[in-house]
Amino acid sequence: METDRLILRQWQVSDYPVFAEMNADPQVMEYFPTQLTNAESNALADRLKALIAERGWGFWALESKATGQFMGFVGLHYQDKDSGIPHAPLVEIGWRLSSAYWGQGYATEAAFAALDYAFEQLAVGQVYAFTALQNVPSQRVMQKLFMVNCQQDFDHPKLPSGHPLQRHCLYSIDRAKWRMMKARNRE
């Protein structure tokens, strides 16, 4: 999948070292429970790659068209009914970019393509996003995607009680609103 500046694609072995560096960066991982070791990062990339191979979609590797550089990931993930996330089962949209690419609209640009894929190719009725309440930058991306806060904050089931990042907000957008906003953007 391509946008004006980006390629969303299957993971390559050459992405792994850059991904590991990104996942060890305290700035990138500020709103995650912990930084990842090389082994943990590689295992995550293996899982993401396998899910795309299995389904044809997932958290795609993000590449710059101009430089060919791996930038992080953007895409879709299925949360099953036992995930503990409100409204599950659901399709979630998510992103994680190297800090070198922050503030340039890349996450939003790639996420628009991922949302289009969810609504037009997968024909899902609604897409959700969630993050720690403190993660205001990700919430701004959600808002730029025309997602709205569901006002259903929840405790993330994978974080221990009392963890500072435990409380999460939930955003969503449905297919009808997506199509309306997409048509408006073309005008």
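The values are calculated or read from the model by the stated rules, or taken from the named source; none is laboratory data. Since this is a predicted model, take the numbers as computed values, not measurements. Cβ sites come from the backbone with ideal geometry, for glycine too, and all protein chains shown count toward neighbours. To get the accessible areas, we keep the full protein, side chains included, count just its heavy atoms, and leave off ligands, DNA and RNA. Shrake-Rupley method; radii C 1.70, N 1.55, O 1.52, S 1.80 Å.
Numbers at a glance
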| item | result |
| --- | --- |
| Yes/no for Trp11 being touching a Lys or Arg at 6+ places or on another chain (Cβ under 9 Å), surrounded by 14 or more Cβ atoms within 10 Å (Cβ to Cβ), farther than 25 Å from Tyr171 by Cβ and among the hydrophobic types (A, V, I, L, M, F, W, C) | yes |
| Filter result (assigned to a helix (DSSP H, G or I) and open to solvent by 70 Å² or more (accessible area, probe 1.4 Å)) within segment 141-187 | Gln143, Lys144, Ala176, Arg179, Met180, Arg184, Asn185, Arg186 |
| Of all residues in segment 19-53 being assigned to a loop (DSSP other than H, G, I, E, B) and in contact with a Ser or Thr (Cβ under 7 Å, 6 or more places away or on another chain), the one that is least open to solvent (accessible area, probe 1.4 Å) | Val28 |
| Matching entry among Gly84, Gly56 (being out of contact with any strand residue (DSSP E or B) (no Cβ under 7 Å at 6 or more places or on another chain), more than 19 Å from Gln126 (Cβ to Cβ) and either open to solvent by 50 Å² or more (accessible area, probe 1.4 Å) or not hydroxyl-bearing (Ser, Thr, Tyr) (or both)) | Gly56 |
| So Gly94, is it under 20 Å from Arg9 (Cα atoms), within 17 Å of the chain's Cα centre (by Cα), open to solvent by 30 Å² or more (accessible area, probe 1.4 Å) and of a type in the set (Gly, Ala, Ser) | no |
| Residue, least open to solvent (accessible area, probe 1.4 Å), within segment 97-135, restricted to residues that are closer than 20 Å to Asn23 by Cβ, in contact with a Leu (Cβ under 8 Å, 6 or more places away or on another chain) and of a type outside the set (A, V, I, L, M, F, W, C) | Tyr106 |
| Conditions (1) within 21 Å of Tyr128 (Cα to Cα); (2) under 16 Å from the mean Cα position of the chain (by Cα); number of the one not met by Arg55 | (2) |
